[in-house]
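Enquirer: Let me give you the structure first, and then I'll get to my questions.
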Amino acid sequence: MYTIQDIFKIYGPTYIKQHSLSKEEWKVYNAIINCKTSNLGYHTITCEHCGNTILAFNSCRNRHCPMCQSYAREKWIDKESEFLLSCPYFHIVTTVPYELNEIALFNKKIFYNTLFKATSESIMTLSEDPKWLGAKVGITSILHTWGQTMEFHPHIHSIVTGGGIKNNKWINSKEEYLFKVQVLSSLFKNKFLSLLKKKELIFPEKLSHLNNSKEFNKFLESLYKKQWITYIEPPKGSPENVVEYIGRYSFRIAISNDRIKNIDNDMVTFEYKDYKDEGKIKLMTISAIEFIRRFLMHVLPDRFTKIKHYGILTNRNKKSLIRLCRMLIKQAIYNDFTSTLKRKRKLIEFECSECGYKKFKYTFFYRARYVI
């Protein structure tokens with residue numbers, strides 16, 4: 001199987017000669033290059049029953065590394081399943097027009113935070129409006145910055161409860177309707193541009209004219225006139241599938257190793273889903289240097305939080321509000337589908353290949369020279 005690590009090892013040195021990397025990009029590059037190699041040392045896993053010992057190289061645990069996401073995703077899903085409500089969940093996607101991409105790349109932290117804020121405030125404003133739902137909902141928002149071909153495409157996926165709380169009462173949404181997507185799109189656009197206008201931004205050389213306030217306002221005015229793409233997907237499946245769905249979106253990276261089909265003659269071939277052609281799976285071939293450029297475009301700012309909660313899922317009051325909501329919708333604190341979910345998805349860190357015992361002891365060694 002071909003991997004991103006292979007591409008970085010073979011073509012990374014050439015890429016570095018041609019491009020300057022940011023501090024965050026260097027961190028990701030080095031993490032992926034060294035992941036699960038002797039450079040990071042190794043650890044032993046010893047069964048507490050029979051003493052069987054397994055030796056393995058340490059992983060980098062970087063959130064952009066395709067080899068380090070599975071266990072982190074399972075742990076996150078295990079934790080978040082405790083806050084699942086017995087109600088429908090809507091999937092909302094908010095995007096910005098491509099004209100803003102260059103500005104986003106030069107102002108990642110400011111831009112992404114603005115995207116989160118405009119999205120959450122728009123959803124909360126409409127859901128609390130008596131014309132639509134008239135209640136405070138719960139929102140889990142996840143930032144993605146890529147499309148299927150790894151081009152830059154910042155957008156937010158939000159999972160929203162199909163109901164909310166108002167005056168200590170639970171109010172259900174309509175079965176397949178939360179509010180009009182056109183209304184959300186317009187409100188989101190206005191909020192986002194209004195917030196962006198107040199930020200101190202850095203512009204690339206080809207957009208240096210936007211440093212002039214009149215030119216910048218003129219640029220924003222053209223965006224007000226555009227129709228922004230926003231999508232609301234009605235609830236699908238049972239509530240117990242929601243946390244799995246969120247987890248799948250939360251821990252995605254720009255491209256996984258299993259999508260890389262070939263590396264040959266300085267070119268990389270990978271598969272992608274073409275949504276403009278009924279979601280058909282197709283192959284794309286680009287230069288290895290271009291592949292690395294596209295991958296590193298999606299490196300997030302250091303310590304940036306890409307999963308955020310709002311409304312009744314705000315971290316500060318999460319446990320107490322979820323408990324209240326469950327009482328109001330007459331859902332047991334640990335109801336059948338939550339316990340079923342946990343039984344279905346037991347997080348197993350280790351199972352001895354010799355005796356099947358599940359208790360073990362980790363020992364870490366960070367000095368690679370001891371590894372044979």
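Enquirer: Which residues, counting only those in the stretch 67-81, are of a type in the set (A, V, I, L, M) and surrounded by fewer than 17 Cβ atoms within 10 Å (Cβ to Cβ)?
Expert: 72 - this is the single residue of the stretch 67-81 that is of a type in the set (A, V, I, L, M) and surrounded by fewer than 17 Cβ atoms within 10 Å (Cβ to Cβ).
Enquirer: Kindly check whether there is at least one residue in the stretch 237-260 that is under 23 Å from residue 145 (Cβ atoms), in contact with an Asp or Glu (Cβ under 7 Å, 6 or more places away or on another chain) and either without any contact (Cβ under 8 Å) to a residue 24 or more places away in the chain or of a type in the set (Lys, Arg) (or both).
Expert: yes
Matching residues to (1) among the aliphatic types (A, V, I, L, M); (2) more than 30 Å from residue 138 (Cα to Cα); (3) modelled with pLDDT of 95 or more; (4) not in a helix (DSSP H, G or I):
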{"position": "258", "(1), (2), (3), (4)": "no, yes, no, no"}
{"position": "263", "(1), (2), (3), (4)": "yes, yes, yes, yes"}
{"position": "268", "(1), (2), (3), (4)": "yes, yes, yes, yes"}
{"position": "271", "(1), (2), (3), (4)": "no, yes, yes, yes"}
{"position": "276", "(1), (2), (3), (4)": "no, yes, no, no"}
{"position": "293", "(1), (2), (3), (4)": "no, yes, yes, no"}
{"position": "298", "(1), (2), (3), (4)": "no, no, yes, yes"}
{"position": "305", "(1), (2), (3), (4)": "no, no, no, yes"}
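Enquirer: How about the stretch 234-256: which of its residues are of a type in the set (Gly, Ala, Ser) and more than 15 Å from residue 140 (Cα to Cα)?
Expert: Answer for the stretch 234-256, where residues must be of a type in the set (Gly, Ala, Ser) and more than 15 Å from residue 140 (Cα to Cα): 237, 238, 254, 256.
Enquirer: Here are 201, 193, 187: which of them is free of Cβ contacts under 8 Å to residues at least 60 places away in the same chain and either in the same structural domain as residue 138 (by TED's automatic domain parsing) or polar (S, T, N, Q) (or both)?
Expert: Just one listed residue meets the conditions, 193.
Enquirer: Taking the stated definitions as given, is residue 228 at negative phi, in a loop (DSSP other than H, G, I, E, B) and in contact with a strand residue (DSSP E or B) (Cβ under 8 Å, 6 or more places away or on another chain)?
Expert: Yes; evaluated as a whole, the condition is true for this residue.
Enquirer: Filter the stretch 106-116 for residues that are buried (at least 16 other Cβ atoms within 10 Å of the Cβ) and touching a residue at least 24 places away in the same chain (Cβ under 8 Å) and give the result.
Expert: Scanning the stretch 106-116 gives 107, 108, 110, 111, 112, 114, 115, 116.
The values are calculated or read from the model by the stated rules, or taken from the named source; none is laboratory data. Remember, predicted model here, so these are calculated numbers, not experimental data. Positions of Cβ are backbone-derived with ideal geometry, glycine not excepted, and every protein chain shown enters the neighbour counts.
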